[in-house]
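These notes concern the structure reproduced below.
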Amino acid sequence: MTDATTDALTDAVAELIAILDLERLEVDLFRGQNPKTGWRRVFGGQVVAQALVAATRTVPDDRPAHSLHAYFMLPGDPRAPIVYEVERIRDGRSFTTRRVKAIQHGRAIFATTISYQVSEGGFEHQPAMPDVAGPDGLLDGKALAASGATGMPEAVAAYFGRERPIELRPVDLDRYIARRKDGAPPEPVFNVWLRAASALPDDPALHRAVLAYASDMTLLDVSLIPHASSVFDPNIQAASLDHALWFHRPVRVDDWLLYAQDSPAAGGARGFARGQIFDRAGNLVASVAQEGLIRPHGG
């Protein structure tokens, strides 16, 4: 972490690393624990990350994950461990494929297919990183929560101010406190800087898993921007339905990354959102896509 305030692990980061260190029950069977929180359901990014760790432990180290496609089927119970069953679909010369099923109380709550590839050179291109304010001049989560001047709703300020393993610094605070003067709906675009709250070990697989964890943060909420609402609205039933993640380049999650998000469509009580994750040098390190439930209560 190039500009961290401390190299020591915060309690939240240490806990995240611990829950990503799955217990092996059998050759392709793993058990993951949940953090000690008061949440009513398991955070979706945690299940994505743990499933990625389970699959990665059955793949040679010289084949990093390059894509993940997942479905959330049932809410996870935070009071019970999660069992991850890995199926070895294919071991080819260049690519390896794994399927992972997450099980609680005898039922599948989540399933994903993950592809791995030996490192190769080839053609490269990418979009430019959005021209937005850098993280250093933005309020961190605790400052946002403590600052009454932002005008953010209490639930939103509490979310950004909560102690967590991923530090968030949103660029677009107006998303929560302002509306366009011409009355037109705001554009469904949101930019947020994120990083691990303290330095991580030099393990590329761990950094990919932590990025998978973080990729489920704030994304679905973008689909509610044009509707003057958010997932913090008690009148909205919100939940991730699926999740896709592509790793384009090696990444360090303990340095700042820009998560540039947009939502091209919503309908049928579902919102679709996309994300591009850039490092500070402007390299596109990952892409994300997700559809989620955004059902108005009574709808």
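In the context of the full set of protein chains, residues of the range 80-180 present 57 Å² of accessible surface per residue (probe radius 1.4 Å, heavy atoms only). Considering all alpha-carbon pairs of the range 133-298, what whole percent are spaced by more than 28 angstrom? Counting pairs separated by more than 28 Å, the tail of P(r) holds 20 percent. Applying a DSSP loop filter and a limit of 13 other Cβ atoms within 10 Å to the trypsin sites (Lys or Arg not before Pro) in the range 82-123 leaves Arg93. Site-free segments of the chain were taken between GluC sites (Glu not before Pro) in DSSP loops having at most 10 other Cβ atoms within 10 Å, sites themselves excluded; the longest one is 125-299. Loop-located chymotrypsin sites (Phe, Trp or Tyr not before Pro) in the range 89-163 (DSSP state not H, G, I, E or B) with no more than 14 neighbouring Cβ atoms inside 10 Å: Phe123. Classify the range 73-142: rounded, prolate or oblate, from the alpha-carbon gyration tensor (a ≥ b ≥ c, eigenvalue square roots; a/c under 1.5 rounded; otherwise prolate if a/b is larger than b/c)? Since a/c reaches 1.5 but b/c is at least a/b, the shape of the range 73-142 is classed as oblate.
Taking each DSSP H run with n ≥ 4 as -39500 (n - 2.57) and averaging over every residue of the chain yields -5000 deg cm²/dmol at 222 nm.
The values are calculated or read from the model by the stated rules, or taken from the named source; none is laboratory data. Quick caveat, the model's predicted, so the values are computed rather than measured. As a convention, Cβ positions derive from the backbone with ideal geometry for all residues, glycine included, and neighbour counts pool all protein chains shown. Keep in mind that these areas ignore ligands, DNA and RNA; they rest on the heavy atoms of the full protein, side chains included. Shrake-Rupley method; radii C 1.70, N 1.55, O 1.52, S 1.80 Å.
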